[in-house]
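A short worksheet on the structure shown next.
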Amino acid sequence: MKTRITEKQLRRFHRLLSVKMIDFNCGELCAPKNGGVPICCENDYVVPILFHEEFKWHRNNGKFWKRMPPKNRTIRKFIDESESYYVYSQCPGPEGCKRSKRSFTCMTFPFEPHVSRNGDILGLVYVNGDKSTCSLIGRPRKTYNPVYIANAIKFWKELFALYPEEQELYIQESRKRENRKKRQRKRFSIFKTV
Ligand code: SF4
Ligand code: SF4
């Protein structure tokens, strides 16, 4: 498969997203409600996706990430229907987590980009879910480090330049979100720095 994210760019993405998002350990909020495991680190519940370059880069530096075996029909279908450049992976779990080994999906959760019809990133929004899926969802803007927000927006912008398919995907997701919120008569926060 063609390499679109160079090693230099992978290191840059990691640097950008390594800035602290919050100044507390949010795992302490959700883990007690989930048998001691932070919900987003529950590999059976949230299947981590790595870009194929990202997976290869981590594998060249150890065996932290492994390909996720399709344990059931739902995961198999999910993998079959998604982009071929994703690698569904599993990590050793929170006990063996290393900050330097986290994936881009780990470092961007619980946010995703909200994108205009012509592909401009309008800011970050919470992924679809609520407090029961992530204790950060719904928290106010002041919770987050503005430098992290700016860096994550830079990350998505640069990633879209390399993977226009991702931009297209988020354009569609953003329209779905707008329609969903309109139906529910709910507003949603868009996090940006200016
Ligand atoms: S990001 Fe959300 S789900 Fe993940 S550890 Fe923090 S509160 Fe829990
Ligand atoms: S790499 Fe760390 S942060 Fe990411 S899912 Fe695994 S345990 Fe959680």
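No lab work stands behind these numbers, since they all come straight from the coordinates. Fair warning: this is a prediction, and the values are worked out from it, not measured in the lab. Here the Cβ positions follow ideal geometry from the backbone for every residue, glycine too, while neighbour counts run over all protein chains shown.
Its DSSP H runs of at least 4 residues, each contributing -39,500 (n - 2.57), put the calculated 222 nm mean residue ellipticity of the chain at -12000 deg cm²/dmol, to the nearest 500. Here the chain is treated with +1 on each Lys and Arg Cβ and -1 on each Asp and Glu Cβ, and its dipole about the Cα centre works out to around 360 debye. Scanning the chain for DSSP H helices at least 18 Å long along the axis (C-alpha atoms) with a Kyte-Doolittle mean no lower than 0.0 picks out 146-162. Each Lys and Arg adds +1 at its Cβ and each Asp and Glu adds -1 at its Cβ; summed about the Cα centre, region 49-89 shows a dipole of about 340 debye. Only the Cβ atoms of Lys and Arg (+1) and of Asp and Glu (-1) were treated as charged; on that basis the dipole of region 69-138 about its Cα centre amounts to roughly 300 debye. For the chain, the convex hull spanned by the alpha carbon atoms encloses 136 Å³ per residue. Kirkwood hydrodynamic radius computed over region 143-194 comes to 12.6 Å, based on all pairs of distinct alpha carbons.
Considering only 79, 37, 92, the residue lying farthest towards the positive end of the dipole of the chain is 37, judged by Cα position with unit charges set on Cβ.
Taking amide hydrogens as modeled 1.01 Å from N in the peptide plane, which residues meet the under 5 Å criterion relative to residue 192, leaving out close sequence neighbours? Residues meeting the criterion, in which the H sits 1.01 Å from N, are 124. Note: relative contact order over the chain, using C-alpha pairs below 8 Å and six or more positions apart, is 25 percent.
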